[in-house]
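The values are calculated or read from the model by the stated rules, or taken from the named source; none is laboratory data. Here the structure is a predicted model, which is why all the values come from computation and not from measurement. Virtual Cβ from ideal backbone geometry, glycine too; neighbours counted across all protein chains shown.
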Amino acid sequence: MSKIVTIERFIFDYQPDYARGEFTNLLYDIALAAKVIAHKTNRAGLTDILGRAGATNIQGEQQQKLDVFADDIIFRICDHTGRLCAMASEERDEFMPIPEQYKKGSYVLVYDPLDGSSNIDVNVSIGTIFGVYRCVDWDLRGRIEDVLQPGRKLVAAGYVLFGSSTMLVYTTGQGVNGFTLDPELGEFLLSHENMRLPDPPAYYSVNHAYYERWSPGVKRYLHWLQGSEEREGKPLSSRYIGSLVADFHRNLLRGGVFCYPAENNKPEGKIRLLYEAGPLAFLAEQAGGYASNGRSPILDIEPTDLHQRTPLFVGNRSLVYQVEKFLQDEDEADS
Ligand code: AHG
Ligand code: MN
Ligand code: MN
């Protein structure tokens, strides 16, 4: 019979050499936040109905939007535990040093609290993405330098997928492992050990509606994905959910590439470097894949701005290398 492994047991057994309690407990905190958000997400269609049935809300408060709720939960679970020096969230304009009244820790948490927000109200999968860095200077309170670190410096990254089940997938640089939430037990149990991008890949994911806004190299890449130029392996099929976490997760399980290219009027594309592209790039590399902005590795980009965006191609190496080749051809033709 196979073993039942809780996330707690797994984190403890596979903690990296440098991990003291602080790092290990930070991962538990994130798992706890994931459970709270999952609970709320599962009731997303009901909160209005139940709210109304409860008649008057004494404070006259409006239902919080789910992405603000998720942002607040992650912040409040992590701000006072003494494990972090700073946080940065896609939902907040500024980075957040840990308040003076709390003990300061050695790590930095960056997160997209609710990814795929356009899918919340239509009952389609959404997620949370996170990345963990070490503080640049452990003696100082959190500074912007702690947050603006390239993906290469991540010590952990992961996501929570709120789909037909809730899953937490993470890496600490020793491969990628996935856990499924047992709703009755309230525990994440190891369900996907040592996840690797399968080869040959099955899917490509892109929003075709933006085709006219792409450069010639990206258009050529799309045609290549569709089979117009010779490519080894079976033909790809197309899937696009519009929640990066869900698209990435499917491609991680089946093999494929997610693309959000630059557009004529949006040269940086849409995906945020710190909260989305960086953590997923680290996961992809740990699963045998690769992430690029089309010209260089996502993990090497030095962020200069908290909310910086980047074009993103992430998935199987063979698929991502090809876009770099086509964009190099495009650059050479231009020069
Ligand atoms: P968020 O909900 O955190 O703002 O992110 C939405 C992102 C990403 O999840 C998704 O891949 C992409 O937006 C979809 O954008 P388009 O609707 O432009 O395709
Ligand atoms: Mn997002
Ligand atoms: Mn978001």
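For every residue, the table says whether it meets (1) in a loop (DSSP other than H, G, I, E, B); (2) more than 28 Å from Arg92 (Cα to Cα).
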{"site": "Ser191", "(1), (2)": "no, yes"}
{"site": "Met195", "(1), (2)": "yes, yes"}
{"site": "Trp224", "(1), (2)": "no, yes"}
{"site": "Glu229", "(1), (2)": "yes, yes"}
{"site": "Glu232", "(1), (2)": "yes, yes"}
{"site": "Tyr240", "(1), (2)": "yes, no"}
{"site": "Val257", "(1), (2)": "no, yes"}
Review point. Just to be sure, is Asn194 surrounded by fewer than 24 Cβ atoms within 10 Å (Cβ to Cβ) and within 16 Å of ligand 1 (Cβ to nearest atom)?
Key: no
Check your understanding: Among Phe248, Phe313, which is in a strand (DSSP E or B), modelled with pLDDT of 95 or more and buried (at least 24 other Cβ atoms within 10 Å of the Cβ)?
Key -> Phe313
**Study point:** Residue list for the stretch 135-189, restricted to those being touching a Pro at 6+ places or on another chain (Cβ under 6 Å) and part of a strand (DSSP E or B)
**Key:** Ala157
**Study point:** Members of the stretch 208-239 that are surrounded by fewer than 17 Cβ atoms within 10 Å (Cβ to Cβ) and closer than 30 Å to Asn177 by Cβ
**Key:** Glu232, Gly233, Lys234, Ser237, Ser238
Review point. Can you tell me which residues in the stretch 88-105 are away from ligand 1 (no atom under 16 Å from the Cβ) and either surrounded by 18 or more Cβ atoms within 10 Å (Cβ to Cβ) or under 20 Å from the mean Cα position of the chain (by Cα) (or both)?
Key: Glu94, Phe95, Met96, Pro97, Ile98, Lys104, Gly105
Practice item. Name every residue in the stretch 113-134 that is in a loop (DSSP other than H, G, I, E, B), within 16 Å of ligand 2 (Cβ to nearest atom) and surrounded by fewer than 20 Cβ atoms within 10 Å (Cβ to Cβ), in order of residue number. Key: Val124
